[in-house]
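Before any comments, here is the structure.
Since every read-out is calculated from the coordinates, none of them should be taken as a lab result. What you see is a predicted model; the values in this text were computed from it and never measured. Note that each Cβ is placed from the backbone with ideal geometry, even for glycine, and that neighbours are counted across all protein chains shown.
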């Protein structure tokens, strides 16, 4: 009955058109009524405590770093470097998009920010060069999925806080899976454009490559600082976010000089608005998470799925399917916040490594950003690229299926995630 109240109140509130954060608060209140312990004071206290977390300070600073990089010219220089390296091969602009997305992922940690930058910079170039507009938009959308996987990652911060899992280990463990997702896109793009007759631009000379590399050196320094700092314990993920924001600000204003003082207010305001949405979601979700614990929902779910606990692979497949279905109707952050407190007891009972599960869970949620009908990244690319949602959806299917295939391989072969992760830990 408790599970029915939880699902019924949450889905009912969403069906009425309530924003996700308010639906989560309504769900928590409904569970309180069901248990006969409704108290507005407890509701308010848990909402405040939900956002009162030191690790969550990473979210506004990574958001700010992403805004600064897009406005201050760091993103554009990354794209120019990718163009100099691989722009001359057949289908070159597609490979540029994948390489640029991987590099941007190591800078911002936000899939939506990466998608907006890629669509603004590359989609017009791809259309002018003769590439299919829908396929190009689909590739750019799928490439942005690497954003929450390759560190730094806002999604890993939220999951780490909700699941009480080391954010540093999640960051390190996400590197190789992010590269695999990029490799899947690379192969899929090669397969789709191998017979196209589009004339690629001329190969960049060694001098032009060196100029592009020199121009992007300061931008490329950011992921190196963050990853090295985390690996050697120089700073925590939260402190890494501050370092990223300050470094991006210095590079954009002092080195590249593309971010003017008059633009700072708009940059800070945009970062604050996005942060407010995420933090309110986190705060509201903690009310539901607390009530889920009080109502012993995880214990009921463990009992329900007891037959699968002895078969971790089957359990993971079931969880990935559930996450996939939820991802078609819900954005990444609320999905993480709703499902994590319910699923983590199952993961622990089955003896599955929480870091390994966190990587799989984040990949699934990230792909959910390009699954219709919601597809936040699809909406972003459609809006920025001035293309219909139907066209973007049609173009993204081959790339989305390739990424789901990579996820399936990681479920079947955990070594793909854990062997590189343990090597990097050490």
Highest-fluctuation residue, 12, 395, 91 considered, GNM on the chain with Cα pairs under 10 Å: 12
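May I ask you to derive the relative contact order of the chain, considering only C-alpha pairs under 8 Å and at least 6 residues apart, and to give it as an integer percent?
Numbers: 667 pairs, mean separation 111.4, N = 426.
Relative CO of the chain lands at 26 percent.
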Residue-span extension gain [residue 207 to residue 409] - 0.36 nm each, minus C-alpha spacing: 68.6 nm
Pair residue 42, residue 187: separation of 7 Å Cα→Cβ label points (nm): 5.1 nm
Length gained when the stretch residue 265-residue 52 is fully extended (0.36 nm per residue, less Cα-Cα span): 74.1 nm
For the stretch 360-394 and the stretch 183-228, distance of Cα centres in Å: 23 Å
Helix 154-163 axis, angle to the chain major axis (alpha carbon atoms, nearest 10°): 20 degrees
Rounded Å value of the spacing that divides the Cα centres of the stretch 114-129 and the stretch 1-69: 36 Å
Where labels lie 7 Å past Cα in the beta-carbon direction, separation of residue 214 and residue 388 in nm: 4.8 nm
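So how much slack lies between residue 272 and residue 349, counting 0.36 nm per residue of separation and subtracting their Cα-Cα distance, in nm? Kindly include the intermediate steps, with their values, before the conclusion.
On the way: separation 77, 0.36 × 77 = 27.72 nm, distance 3.88 nm.
That pair, residue 272 and residue 349, stretches by 23.8 nm at full extension.
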Overall Cα dimensions of the stretch 39-425, principal axis frame, Å, largest first: 63, 48, 42
C-alpha long axis of helix 92-108 to longest principal axis of the chain, angle in °: 50 degrees
Cβ crowding within 10 Å averaged over residues, with 148-158, 345-355 ranked highest first: 148-158, 345-355
Residue 309-residue 235 pseudo-label distance in nm [points 7 Å out on the Cα-to-Cβ vector]: 4.2 nm
Computed [θ] at 222 nm, helices only, for the chain once each DSSP H run of length n ≥ 4 contributes -39500 (n - 2.57): -25000 deg cm²/dmol
Between 0 and 90°, nearest 10: helix 354-367 axis offset from the chain longest Cα axis: 60 degrees
For 34, 311, order by how many other beta-carbon atoms lie within 10 Å, fewest first: 311, 34
